[in-house]
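Contents: one structure, followed by commentary.
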Amino acid sequence: MPTLEIKNLSASVEGKEILKGVNLKVSGGEIHALMGPNGAGKSTLGNVLIGHPNYVINGGSITLDGKDLTNATPEERAKAGLFLAFQSPVAVVGVKISSFLRAAYKQLHPDDNIKLQEFYDMVKKELRRVGLDESFLSRSVNDGFSGGERKRFEIVQMMILKPKIVILDEIDSGLDVDALKLVAEEIKEYHNESVGFLIITHYQRILKDIRPEFVHVLMDGKVIRSGDHELSDRIEEEGYEFIRGV
Amino acid sequence: MEVEYSKEEEMEKLLEDLRKSSVRKEDWEFHDNLKPIYSTGIGLNKSVVEEISEIKKEPDWMRRFRLKALEIFLSKPMPTWGPDLSGIDWENTNYYNRPDDVKSKSWDEVPDQIKDTFTKLGIPEMEQKYLAGSVAQYDSEGVYHNLKKVWEDKGVLFMDLDSAVKEHPDLVKNYFCKAVPATDNKFAALNGAVWSGGSFLYVPKGVRIDMPLQTYFRMNGEATGQFEHTIVVADEGSKVHYIEGCTAPRWDKDSLHSAIVEIYAHKNSEARYTSVQNWSKSVYNMPTKRAWVDENAKMEWVGGSLGSKVTMLYPSSYLRGRNASTHNLNISLAGPGTVKDTGAKAIHLAPNTSSRIVAKSISIEDGKAIYRGLLRMNKGAVHSKSHVQCDALLINDESQSFTYPHDEIYEPTATFGHEATVGKIGTEELAYMRSRGLSEDEASSMIVLGFLDDVMKEIPMEFAVEMNRLIKLEMGKLGSVG
């Protein structure tokens, strides 16, 4: 069972310290929600976890299954089983989804000698399941996609690449009600004993479909409160003020 | 939906190869210490020009032509637009270097040192495998030329231009500087005055050559000039593919390459000209290339501008007869500290003519890629068509590209269109792809190959691989993780 352990993590971007000692532990089978007001550092945490080069780690550690990833490259982290569904996925002009996913899959699952045709059939199936036409296979990655299409494609990547720890950064933004339902179904389908989820969100919408067992509140660069879904319910009603007031 | 599986599989193999291969500039930027047997020394004046004509034992018309061109060169101003050319040191450039007296038809007779250089560059091997004929030029002179007998028997002529002036003076005279007169621009005039070497290729009526013919240019000396003049004539109904390649060692002092290429595609002919320029970063590359395309003839320009310090190049097609067409495909790589001011010209002079221009540029770090194009449709070029596509790929967040298309449309029934795209290998793109398990190297290779994807079928696969290697080489200092 995989375990992602974040210990006393501090990090900065463009010289500004955003994370100031974050502690979190996500294990297989668990669903964690990370909430917090705008600017609390939620997306920063996601980017730091996957090793985005613009973010500098100042202290603390990130381990996955006991393997220290604190200074690992993004590709090493991906190979270790970490996956981030980006809040705003970037377009990669000219790189087709087909070859992109194929190349990524080969890196992450080098022992699987799945045939090209079979692999594409699998991708097409996943595309259809999130409501994307299978012709997306020959389109450039995120190029000309709407916000919602980008989000759906992040979920397709999750389903295909089969990571152990999944971080979803505002996966619900840009999705209409129906799309959100499809995406939530996929997440539930993928969720099992050997996959842990960290769902980053600043409001409740997605948590209605996917009930997290653990809810954490990130504020001013630290996890200042942890609880269960009662905590998210209260945030829904009262906002973050009651936590700030403590 | 159809996915081209075979192509994808090919792409996978290519990426696999790229991972394994390494490339070094020493492979083509090596120095040889050959001393020329004759040189006019530095500087340019009337006596230098006469000296060149004298040593070549040229007919009088050529001597007079050279002197006239020199006058034009001296009277013409430098271009007032485009990249900075102030680094060209006219006075300290060596305009003529004769490596040897040999002009051989057999590699065995080529002096060892020169032969070694071409062998290192893989020229004789390539000739064996792929070519119908080959010419090799070292500094100012062609040292080797050969044409397979089957084509010789059909009346094809392929040799360095100096030899052609002597052996086929009337034929050469018919074409020499007709498409590119010395008055065209300062660099064309310079070439007229001091030209040496280059190829003459004549394909007789109805002869269709299925294998390409190649000339390879090697510039050896420091602060030298190479001024070859190439003429390709595709007579009526013929078909020909001519290829040029060129390299030079890297020196502290800059060299100048100012060539003329003239292509004559007669009625119903098909002419294809491919050049892969890989000059070192101490070369100013200022060629003038032009084609006359007659009725129903097809002209294709395929160019890879990979090296040099500054390149200004705009291959032009004059569509002179009904249904003449031109296709111009150029790929420019502007490495760190270099400028590629490249583009194309299509001049529509007759009805139903068509042009298609695809320009792709890649800029690395502060490398500057500029597309500069001219499209002219004269009155009377009824129902002519043109399409221009400019795609730019920026390798770093600070890379830049510029597009300056210029259209002159005087014919109301003519149609034309422009398209432009910009792609990037910036931090965000790489971070995204790497977060899915791809190395930085693999990610950027995929973006580059993707960028070239739509022209892959029109350029040799090896060329795309070579391109990719060069980009990797230039990006090497960014600290890629492989």
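Computed from the coordinates by the stated procedures, all read-outs in this text should not be read as laboratory data. Fair warning: this is a prediction, and the values are worked out from it, not measured in the lab. As a convention, Cβ positions derive from the backbone with ideal geometry for all residues, glycine included, and neighbour counts pool all protein chains shown.
Figures for the structure shown
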{"read-out": "Within the protein assembly as shown, percent of DSSP bridges classed antiparallel, to nearest 5", "value": "20"}
{"read-out": "Per-residue mean of C-beta atoms belonging to partner chains within 10 Å, peptide B:445-456", "value": "3"}
{"read-out": "Across A:LYS124/B:LYS129; A:LYS16/A:LYS96; B:LYS129/B:LYS154; B:LYS154/B:LYS289, pairs whose alpha-carbon gap is larger than 32 Å", "value": "A:LYS124/B:LYS129; A:LYS16/A:LYS96"}
{"read-out": "Estimated 222 nm signal from helices in chain B, with DSSP H stretches of n ≥ 4 weighted -39500 (n - 2.57), rounded to 500", "value": "-7500 deg cm²/dmol"}
{"read-out": "Ordering of B:285-298, B:70-83, A:134-147 by burial proxy (mean other Cβ atoms within 10 Å per residue, highest first)", "value": "B:285-298, A:134-147, B:70-83"}
{"read-out": "For chain A, calculated [θ]222 nm from helices alone, where every DSSP H run of n ≥ 4 adds -39500 (n - 2.57)", "value": "-10500 deg cm²/dmol"}
{"read-out": "Kyte-Doolittle at least 0.0, axis length at least 18 Å by Cα - qualifying DSSP helices, chain A", "value": "A:177-190"}
{"read-out": "Relative contact order for chain A, counting Cα pairs under 8 Å that sit 6 or more residues apart, in percent", "value": "29"}
{"read-out": "Set of aspartates and glutamates near B:LYS298 by C-alpha distance (under 13 Å), chain-local residues within fewer than 8 positions excluded", "value": "B:ASP235, B:GLU236, B:GLU270"}
{"read-out": "10 Å Cβ neighbours from other chains, averaged over peptide B:420-431", "value": "5"}
{"read-out": "DSSP bridge orientation in region B:13-478 - percent antiparallel, rounded to nearest 5", "value": "10"}
{"read-out": "Residues of type lysines that B:LYS56 reaches as a straight line, Cα spacing below 18 Å, ignoring anything fewer than 8 places off in the same chain", "value": "B:LYS46, B:LYS68, B:LYS103, B:LYS166, B:LYS173"}
{"read-out": "Cα-Cα over 22 Å, subset of A:LYS42/A:LYS151; A:LYS67/A:LYS208; A:LYS7/A:LYS164; A:LYS106/B:LYS424; B:LYS35/B:LYS115", "value": "A:LYS67/A:LYS208; A:LYS106/B:LYS424"}
{"read-out": "For the protein assembly as shown, average projected area of the Cα convex hull in nm²", "value": "35.3"}
{"read-out": "Aspartates and glutamates whose Cα lies under 12 Å from that of B:LYS57, excluding same-chain neighbours fewer than 8 positions away", "value": "B:ASP162"}
{"read-out": "Average beta carbon contacts from partner chains per residue of A:100-112, 10 Å cutoff", "value": "4"}
{"read-out": "Two-decimal ratio, region B:13-478, of alpha-carbon radius of gyration to 2.2 N^0.38 Å", "value": "0.95"}
{"read-out": "Relative contact order %, chain B, counting alpha carbon pairs below 8 Å whose residues are six or more apart", "value": "10"}
{"read-out": "Relative packing of peptides B:401-408, A:106-113 - highest average C-beta neighbours within 10 Å first", "value": "B:401-408, A:106-113"}
{"read-out": "Loop trypsin sites (Lys or Arg not before Pro), region B:165-230, which have at most 14 other Cβ atoms in a 10 Å radius of their Cβ (DSSP)", "value": "B:LYS178, B:LYS205"}
{"read-out": "Cα gyration tensor category, rounded, prolate or oblate, for region B:87-191 with a/c compared to 1.5", "value": "oblate"}
